[in-house]
Amino acid sequence: MPRIYLLDVTNRDGVQTARIGLAKLQKTILNVLLDQFGVFQSEAGFPFTRHEVNYLNGNIELVERGVIKRMRVAGWCRALVKDVEAAFKMTRVRHFNISMSTSDQMIINKFQGKLDRASVITEMTEALDAAHDLGAETVGVNAEDASRTDLKYLIEFALAAKEHGADRFRYCDTLGYDSPPRIYERVSALAKQVGLPIEPHCHNDLGMVNANSVMCAKAAVDNGLDAYINATTNGIGERAGNADLLSCCLALKHAGGLAEHNLLDPAIDLTQAWRLAKYMEHAIGVPIPINQPGVGGNAFAHESGIHADGALKDRRNYELYDSEELGRPDFTPMPTGRIITTGEYGGIKGFQKVIHDLGIELNAGDDPHHLLEVIQYAALHTQKPLHEEEIRFVCAHPDVAEQVMTVTPGAREGVAA
Ligand SMILES: [Zn+2]
């Protein structure tokens, strides 16, 4: 039975967002939390970009150690042979998405005569062949601006990708132009005529991103194909954002017309949702909107007379699902008296107190003085107070923390192999 999986693109598309960034250690911890949430694949970064190399290789090390248990760590490249070759030369990434613009708008006004419809297909198939020749395990092919692409040509492009062994086809609604009925219709035609699993990749410029993503995925499964919804944590993304990871899962699990089909990947563990959203909020420094589905401050708040009365009598009067389902606690403890923290200028006694209070047990043979040094660098690296998830990660995997925080090109050579 076809299913709908989640493919998180926070660490690639999300970090492209203006005025939003994540340090490599934060990207790494996000990957660990995404795996625990049940995401199928993380589009973890740019494997042809030198400052991503140690981070990507460090995260593949986490896969090999079983810290990241199921999730694939993937890379994004332009559909250019030189990007693909650089990715293989510099990193151990073996799952890819390669991207090419397909709309006439972009072919004419972005490539400006350098490429036409025919050569767009040739460039894409050459990059796809190169990825396979070099040993890629899976490759998805992205059609940038697919929603504004002539459908006949888009099908031709996707068929060429299939012929050259693509594993998935990414339908990009790059500008958030589509609407739910239109995306369903177009992706149904694509699914019927091409037969490749579909990745809905939608943006929120008209406020329809989650509905479009879900309807795009529904078109795939209604035609017997798996779908891999591209989403970001807390819905961040370029301009008005990408699909929100949690909202899409909630829609598939609880929405009328969807819930009864049981389409959501059973590996999704919604009890991790709160932890993931709150870490993301800390890492990017952007508050979760008060009205965010599931994790917003007001998602389970009732004040007006009729609503409060109804919710108190039976929560189902005014709540579709439970806060507990998302691992959301009723209260969070907030110390108000003396507090010991650790960070860039911390010392050994303070560090030992912090890890004792967190219940962290060090690995046998770990030198606390060395761990403190890695902790100092972690705070230096993120330039903000360390989050509990960060302290726990550094204590559990100090060598990987050191690796991902090493971003100078000169220091790269010894580690990247
Ligand atoms: Zn995008």
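Which of the residues that make up region 144-187 are closer than 23 Å to Phe88 by Cβ and part of a strand (DSSP E or B)? Lay out the reasoning, then the answer.
Taking region 144-187 and keeping what is closer than 23 Å to Phe88 by Cβ, we get 144, 160-170.
Within region 144-187, Glu144, Arg168, Phe169, Arg170 qualify.
For region 308-352, name all the residues that are without any contact (Cβ under 8 Å) to a residue 40 or more places away in the chain and surrounded by 14 or more Cβ atoms within 10 Å (Cβ to Cβ).
Of everything in region 308-352, those that are without any contact (Cβ under 8 Å) to a residue 40 or more places away in the chain and surrounded by 14 or more Cβ atoms within 10 Å (Cβ to Cβ) turn out to be Gly310, Ala311, Arg315, Tyr318, Glu319, Ser323, Ile340, Glu344, Gly346, Gly350, Phe351, Gln352.
All but one of (1) in contact with a Cys (Cβ under 9 Å, 6 or more places away or on another chain); (2) in contact (Cβ under 8 Å) with a residue 60 or more places away in the chain hold for Phe96; which doesn't?
(2) is the only condition that Phe96 fails.
Quick one: Gly256 ticks every box in (1) over 22 Å from Tyr184 (Cβ atoms); (2) out of contact with any helix residue (DSSP H, G or I) (no Cβ under 8 Å at 6 or more places or on another chain) except a single one, so which number is it?
The number of the failed condition is (1).
If you go through region 403-416 one residue at a time, do you hit one that is modelled with pLDDT under 95, crowded, with 16+ Cβ neighbours inside 10 Å and not β-branched (Val, Ile, Thr)?
Looking through region 403-416, at least one residue is modelled with pLDDT under 95, crowded, with 16+ Cβ neighbours inside 10 Å and not β-branched (Val, Ile, Thr).
Report, ordered by the first and then the second residue, all pairs with beta carbons closer than 7 Å, sequence separation of six or more or different chains, a first member in region 149-173 that is within 18 Å of Ala217 (Cβ to Cβ), and a second member that is within 16 Å of the ligand (Cβ to nearest atom) and in a loop (DSSP other than H, G, I, E, B).
Leu154/Thr102; Cys172/Asp145
Of everything in region 136-185 that's out of contact with any His (no Cβ under 6 Å at 6 or more places or on another chain) and of a type in the set (Val, Ile, Thr), which residue is farthest from the ligand (Cβ to nearest atom)?
If we take residues in region 136-185 being out of contact with any His (no Cβ under 6 Å at 6 or more places or on another chain) and of a type in the set (Val, Ile, Thr), then Ile155 is farthest from the ligand (Cβ to nearest atom).
Based on what the data block shows, is Arg50 assigned by TED's automatic domain parsing to the domain that holds Asn97 and touching a residue at least 40 places away in the same chain (Cβ under 8 Å)? Give the derivation first.
Numbers: assigned by TED's automatic domain parsing to the domain that holds Asn97: yes; touching a residue at least 40 places away in the same chain (Cβ under 8 Å): yes.
Yes, satisfied.
Can you confirm whether Tyr228 is within 16 Å of the ligand (Cβ to nearest atom), part of a loop (DSSP other than H, G, I, E, B) and on the phi < 0 side of the Ramachandran plot? Explain how you work it out, then say what you get.
Numbers: within 16 Å of the ligand (Cβ to nearest atom): yes; part of a loop (DSSP other than H, G, I, E, B): no; on the phi < 0 side of the Ramachandran plot: yes.
Spelling it out, it is not the case that Tyr228 is within 16 Å of the ligand (Cβ to nearest atom), part of a loop (DSSP other than H, G, I, E, B) and on the phi < 0 side of the Ramachandran plot.
The values are calculated or read from the model by the stated rules, or taken from the named source; none is laboratory data. Not measured: the values here are computed from a predicted model. Methodologically, a virtual Cβ is constructed for each residue, glycine included, from the backbone with ideal geometry; neighbour enumeration extends over all protein chains shown.
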